[in-house]
Amino acid sequence: MSRDTRERYGTVSRLLHWSVALLVVWQVLKIFDRIEDGEHWVGQTLVPWHISIGFLILLLMLARIFWALRNQGSRPPAPPPRMLGLVAKAGHVALYAALVLMPVSGMSIMIGNGYGLTVFGMELVAQGAEIPWLATFGGMVHSPLAWLLLALVIGHVVMALVHRFVKKDGVLQRMF
Ligand code: HEM
Ligand code: HEM
């Protein structure tokens, strides 16, 4: 199993990147609940997994942060020029932060409202008393952050394609 090098992300980083990317697309489908109250195929088949998949993303992100820190210094460098390289780095850090805060705020909605937390059929937190400040925090953060995350992801994918087809450098290939 290959580690990260200065030229390319290793197997673990690539597996984590692409599995989280796929799961995030799945999670964003929750927006479809706004159409006909979710009474359609997406709402009835994919969206019911929202809490479990969201929790899985949190675990994968914790693994990803651990792996990134462990491989610090031996990962692909930010592409030049320096200023744009810093913007790319900031964008990646923002993606990491959003992908931790999304599940944390989602869990806050559930636990704060006293609904408890059940993940893939396992009850992690039983239904219980409401915790108003936790519910307020989750309610204020989750939906606005979802839209910000969507914007970040779109910007990220556009930049990945700019690297591939306009700049024609090897940045996209580092993640394959
Ligand atoms: C990376 C993980 C997650 C992403 C990307 C995500 C994304 C979203 C999106 C896009 C919406 C729809 C927002 C809207 O219509 O404005 C939503 C709503 C919601 N999510 Fe998540 N979510 C994640 C994790 C979680 C987790 C772990 C939970 C619960 C444990 C959760 C609970 C909820 C709830 C209860 C709503 C409905 C909130 C409302 O209608 O105000 N989410 N989420
Ligand atoms: C929901 C979707 C996605 C998320 C949340 C996401 C997130 C991230 C994050 C956080 C990084 C930083 C790498 C690290 O330090 O671990 C990264 C790197 C990267 N991503 Fe994504 N990504 C997504 C989708 C995509 C897609 C669709 C592409 C390709 C079209 C892509 C191409 C890349 C590339 C090439 C890098 C490496 C950039 C570099 O070395 O400077 N990503 N991604």
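Of note:
- Selected residue (criterion: least open to solvent (accessible area, probe 1.4 Å)) from residues of region 129-176 that are away from ligand 2 (no atom under 13 Å from the Cβ) and farther than 25 Å from V100 by Cβ: A129
- Conditions (1) assigned to a helix (DSSP H, G or I); (2) of a type in the set (V, I, T); (3) in contact with a strand residue (DSSP E or B) (Cβ under 8 Å, 6 or more places away or on another chain); number of the one not met by T118: (1)
Each row is one residue, and each column tells you yes or no for (1) farther than 26 Å from L124 by Cα; (2) within 9 Å of ligand 2 (Cβ to nearest atom); (3) part of a loop (DSSP other than H, G, I, E, B); (4) within 16 Å of the chain's Cα centre (by Cα).
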residue: I53; (1), (2), (3), (4): no, no, no, yes
residue: L59; (1), (2), (3), (4): no, no, no, yes
residue: L62; (1), (2), (3), (4): no, no, no, yes
residue: L69; (1), (2), (3), (4): yes, no, no, no
residue: A78; (1), (2), (3), (4): yes, yes, yes, no
residue: L84; (1), (2), (3), (4): yes, no, no, no
residue: V87; (1), (2), (3), (4): yes, no, no, no
residue: G91; (1), (2), (3), (4): yes, yes, no, yes
residue: L95; (1), (2), (3), (4): yes, yes, no, yes
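- Scanning region 125-138 for residues that are under 10 Å from M110 (Cα atoms), in a helix (DSSP H, G or I) and not hydrophobic (A, V, I, L, M, F, W, C) yields a single hit, G138.
- Checking the stated criteria, M83 turns out not to satisfy the condition of being of a type in the set (A, V, I, L, M), in contact (Cβ under 8 Å) with a residue 40 or more places away in the chain and over 20 Å from L22 (Cβ atoms).
- The condition of being closer than 24 Å to S143 by Cα, within 13 Å of ligand 2 (Cβ to nearest atom) and open to solvent by 70 Å² or more (accessible area, probe 1.4 Å) does not hold for V100.
- Flag for E123 being away from ligand 2 (no atom under 13 Å from the Cβ) and under 17 Å from L56 (Cβ atoms): yes
- Matching residues in region 26-47 - criterion: being touching a helix residue (DSSP H, G or I) at 6+ places or on another chain (Cβ under 9 Å) and loosely packed, with under 11 Cβ neighbours inside 10 Å: E36, D37, Q44
- Of all residues making up region 48-80, the number that are open to solvent by less than 60 Å² (accessible area, probe 1.4 Å), within 20 Å of S19 (Cα to Cα) and not hydrophobic (A, V, I, L, M, F, W, C): 7
- Enumeration of residues in region 13-23 that are within 10 Å of ligand 2 (Cβ to nearest atom) and touching a helix residue (DSSP H, G or I) at 6+ places or on another chain (Cβ under 7 Å): S13, R14, L16, H17, V20, L23
- Restricting region 1-35 to residues that are assigned to a helix (DSSP H, G or I) and touching a Gly at 6+ places or on another chain (Cβ under 8 Å), the residue that is nearest to ligand 1 (Cβ to nearest atom): Q27
- Among the criteria (1) assigned to a helix (DSSP H, G or I); (2) free of Cβ contacts under 8 Å to residues at least 60 places away in the same chain, the one L99 does not fulfil is (2).
The values are calculated or read from the model by the stated rules, or taken from the named source; none is laboratory data. All figures in this text were calculated on a predicted structure; none of them were measured in a lab. Cβ atoms come from the backbone with ideal geometry, glycine included; neighbour counts cover every protein chain shown. Note: accessible area is taken over every heavy atom of the protein model, side chains too, but ligands, DNA and RNA are not part of it. Shrake-Rupley method; radii C 1.70, N 1.55, O 1.52, S 1.80 Å.
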